[in-house]
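Take a look at the structure below.
The values are calculated or read from the model by the stated rules, or taken from the named source; none is laboratory data. The shown structure was predicted, so the numbers you read here are calculated from the model rather than taken from an experiment. Every residue, glycine among them, receives a Cβ derived from its backbone with ideal geometry; neighbour counts consider all protein chains shown. Side chains are part of the model used for accessible areas, which takes the heavy atoms of the whole protein and leaves out ligands, DNA and RNA. Shrake-Rupley method; radii C 1.70, N 1.55, O 1.52, S 1.80 Å.
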Amino acid sequence: MSLGGIVDAILGKDDRPKVKGRVILMKKNVLDFINIGASVVDGISDLLGQKVSIQLISGSVNYDGLEGKLSNPAYLESWLTDITPITAGESTFSVTFDWDRDEFGVPGAFIIKNLHLNEFFLKSLTLEDVPNYGKIHFVCNSWVYPAFRYKSDRIFFANQAYLPSETPQPLRKYRENELVALRGDGTGKLEEWDRVYDYACYNDLGEPDKGEEYARPILGGSSEYPYPRRGRTGREPTKADPNCESRNPLPMSLDIYVPRDERFGHVKKSDFLTSSLKSSLQTLLPAFKALCDNTPNEFNSFADVLNLYEGGIKLPEGPWLKAITDNISSEILKDILQTDGQGLLKYPTPQVIQGDKTAWRTDEEFGREMLAGSNPVLISRLQEFPPKSKLDPTIYGNQNSTITTEHVQDKLNGLTVNEAIKSNRLFILNHHDIVMPLLRKINMSANTKAYASRTLLFLQDDRTLKPLAIELSLPHPDGDQFGTVSKVYTPADQGVEGSIWQFAKAYVAVNDMGIHQLISHWLNTHAVIEPFVIATNRHLSVLHPIHKLLHPHFRNTMNINALARETLTYDGGFETSLFPAKYSMEMSAAAYKDWVFPEQALPADLLKRGVAVEDLSSPHGIRLLILDYPYAVDGLEIWAAIKSWVTEYCKFYYKSDETVEKDTELQAWWKELREEGHGDKKDEAWWPKLQTRQELRDCCTIIIWIASALHAALHFGLYSYAGYLPNRPTLSCNLMPEPGSVEYEELKTNPDKVFLKTFVPQLQSLLEISIFEVSSRHASDEVYLGQRDSIEWTKDKEPLVAFERFGKMLSDIENRIMIMNSHKSWKNRSGPVNVPYTLLFPTSEEGLTGKGIPNSVSI
């Protein structure tokens, strides 16, 4: 305090200037899912008085010359009831800071101490009129626990971005200390108030203490099972295997540690979705088992399946029904269970059967969904005939295809096979090599019998794909070294042969759904992005411009992944509903061996699969060989918009390649990301060095693409296409009916019943439909690509203007998508089922819409 201030204090005067501020927060009880109806006013005075203190950190150094000066503590003064909250449950408080007569400098951060008994969610602090400066805004969006829970002060920084070397000297120590706190010390069990981001292998996928049957391999840390790292929790090891981490009992599955700011609960809708996912598994499963026990004949006809959507089926009386109504939110119940108290199970009609109940069975729709369905990222151009396997012949014998010229020659519109290949008309959906190594073990399971499939397709003049042949392969009964036993099926539409062809397409769909869920979706978006979330929080300060760029694309990802590990990746989730059963996660680890970060860029992926060629005269530098490829067409537009935005943003902060190279936080981030987060890939030569602005732009564009558009394209079409499981079955319970078998004879009289018995088992179907229906919804608080949850996310005007341009580009893309979907000449955009392709339409309404690109992997 200055001499004048001391004199004033002695004389009892306090005419020092004041700085007014507004604090916006949300109390814990307002955000609790179990107490959504709690009154905002209730107990609001608990935070007044001296329960919450705030000290500003100035831009002038203190006596030691290292850290900024601290203001006197200020306390929340009054609840401002005349301010309309942006979000229900928000409360705004006034706060007044003394301003010393000496130069305090511009506040760049503040320390907050919660002396209350409970945590609260701090949204922001705004200083209204700082002398000689004006308004300063602090975006917080963080849970603040009672001060005694923390080892260091809670610090929040103003919304001004700085590279490490440009950080004002008074703030540097605070910036460094905050990152140290977030990294933790790598030891101990982490509690809900801890803010530590750290790495661990996937060593919590099984329960070895329950017996060998329940043990699962540790994914990550070995050449046999490489895998991205997950967030560390520090739970106790299991007794049977000290290298494995114990799991929470299912009712406590939401209690698994993730840093509190990564957990759902900022707004009630996200908690609702999480709870509903959990409830679908732990509550609906016993009810469905009871239902299926009462109807041992499974689905007897497609009319029985359609009744799930059109009329509903009665759940059995008993404790299961009460468990459902007690544990699942009324918002979900009104869609799944009729509210008349009759316990009627009913689902929304999936888009794939809304217009036509049978069009899904056509060959045209079968091919179209490889380009515009829920897994449009696998189809590739056939470049050699017959197709060859890349599996090691010394281990697996001859795995090459048995499809011959005779199988396809008469279906190529007069072309020879070689002519069709040279003219880029032959394509393949190839599941063979990823499925075959595990298929023998998979088929030893009591509940699943699958094949490894290859599907050949011909690109017709109208740009649709016509299936030519399907090869279904099994491991040779005498051992892997003898290769396969394969059979090739060709299109037919009459009699038993027509039914067999429908079966062959369904076995392909079973392969595709398993690979979609485990690899395209889970591994290639959820799992690979989590190390980026962890590394960013450990090494890029919230002041760092790249942190500000990427942070919105990490929202809720660690939490949904933790929930998935607890409920979806183990018994009752993937293992119950997907064909690889207990080998599901093992299959995704095998796929990770081939994961290459630069190839996750959409243009690189299209080139790798041979569905595009380089062409500098084309808008995106590549030319699609399937012009009517909705995922690729729309995806390239979104990719270009993201790249343009990232380029503008990075150029503003990085004026040269040298700036990138000398950014200490950025280099530490990239080093740890490669060596720890994706540590099993650390020696790969393909990793960018991150020494130039172009490398930085490319890396950030890929990260944002994976977290937003790629995930949206692979996730939000689930219910549209697989909500009707005959179209996208996830399991096959029996192998193909063979002549002389009972099932083959039944094909002659009741083919639909045999189909449903094979591909649509009642219990697994009900469970899967429930999961798809809940997880395919958009939350009311969803933040979409081109949006931010705070309009004051940065103070820098040029990035804000560039972000507005990004939003305008996305809006223009929406208009183009609508126009293309309305043109009937683009047949693959709607297909026989008349489902317009909107999975890369950037925005959406709340609910089950089949469109919208959220910023992050948040569900």
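Of everything in segment 651-667 that is among the hydrophobic types (A, V, I, L, M, F, W, C) and in contact (Cβ under 8 Å) with a residue 60 or more places away in the chain, the residue that is surrounded by the most Cβ atoms within 10 Å (Cβ to Cβ) is Leu666. Residues in segment 645-662 that are over 15 Å from Lys689 (Cα atoms) and of a type in the set (S, T, N, Q): how many? Here the count works out to 2. Within segment 807-840, the set of residues being in a loop (DSSP other than H, G, I, E, B) and without any contact (Cβ under 8 Å) to a residue 40 or more places away in the chain comprises His823, Lys824, Ser825, Ser830, Pro836, Thr838. Evaluated against (1) under 30 Å from the mean Cα position of the chain (by Cα); (2) modelled with pLDDT under 95; (3) more than 27 Å from Ile24 (Cα to Cα), Leu190 falls short on exactly one condition, (2).
Among residues of segment 456-480 being of a type in the set (Asp, Glu) and touching a residue at least 60 places away in the same chain (Cβ under 8 Å), the one that is least open to solvent (accessible area, probe 1.4 Å) is Glu471. Kindly indicate the residue of segment 584-625 that is within 30 Å of Thr567 (Cβ to Cβ) and among the hydroxyl-bearing types (Ser, Thr, Tyr) and also surrounded by the fewest Cβ atoms within 10 Å (Cβ to Cβ) among those meeting that condition. Among them, the one singled out is Tyr592. With respect to (1) within 17 Å of the chain's Cα centre (by Cα); (2) in a loop (DSSP other than H, G, I, E, B), the lone exception for Gln787 is condition (1). Inspection of segment 427-434 finds a residue satisfying the criterion of being touching a Ser or Thr at 6+ places or on another chain (Cβ under 6 Å), under 28 Å from Gln764 (Cα atoms) and outside any strand (DSSP E or B). Only one of the listed residues (Glu738, Glu746) is acidic (Asp, Glu) and either outside any loop (DSSP other than H, G, I, E, B) or open to solvent by less than 10 Å² (accessible area, probe 1.4 Å) (or both). That residue is Glu746. Within segment 72-84, residues that are modelled with pLDDT of 75 or more sit with their Cβ atoms under 7 Å from residues that are open to solvent by 80 Å² or more (accessible area, probe 1.4 Å), at 6+ positions apart or across chains, in these pairs: Tyr75/Gln50. As a summary of the residue check, Pro726 satisfies the conditions (1) surrounded by 21 or more Cβ atoms within 10 Å (Cβ to Cβ); (2) more than 17 Å from Thr349 (Cα to Cα); (3) out of contact with any Asp or Glu (no Cβ under 8 Å at 6 or more places or on another chain) except for the one numbered (2). Of note, Trp639 satisfies the criterion of being aromatic (Phe, Trp, Tyr) and over 30 Å from Leu205 (Cβ atoms).
Residue-wise test of (1) buried (at least 21 other Cβ atoms within 10 Å of the Cβ); (2) of a type in the set (Ser, Thr, Tyr).
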residue: Phe759; (1), (2): yes, no
residue: Leu763; (1), (2): no, no
residue: Asp781; (1), (2): no, no
residue: Leu800; (1), (2): no, no
residue: Asp812; (1), (2): no, no
residue: Tyr837; (1), (2): yes, yes
residue: Gly847; (1), (2): no, no
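Within segment 137-187, track down each residue that is polar (S, T, N, Q), more than 29 Å from Glu245 (Cβ to Cβ) and within 30 Å of the chain's Cα centre (by Cα). Asn141, Asn159, Gln160 - these are the residues of segment 137-187 that are polar (S, T, N, Q), more than 29 Å from Glu245 (Cβ to Cβ) and within 30 Å of the chain's Cα centre (by Cα).
Among the residues making up segment 193-225, a single one is farther than 20 Å from Ala240 by Cα and not in a loop (DSSP other than H, G, I, E, B): Tyr199. Looking only at segment 765-778, which residues are open to solvent by 10 Å² or more (accessible area, probe 1.4 Å) and either in a loop (DSSP other than H, G, I, E, B) or closer than 11 Å to Pro729 by Cα (or both)? Selection gives Arg777 alone.
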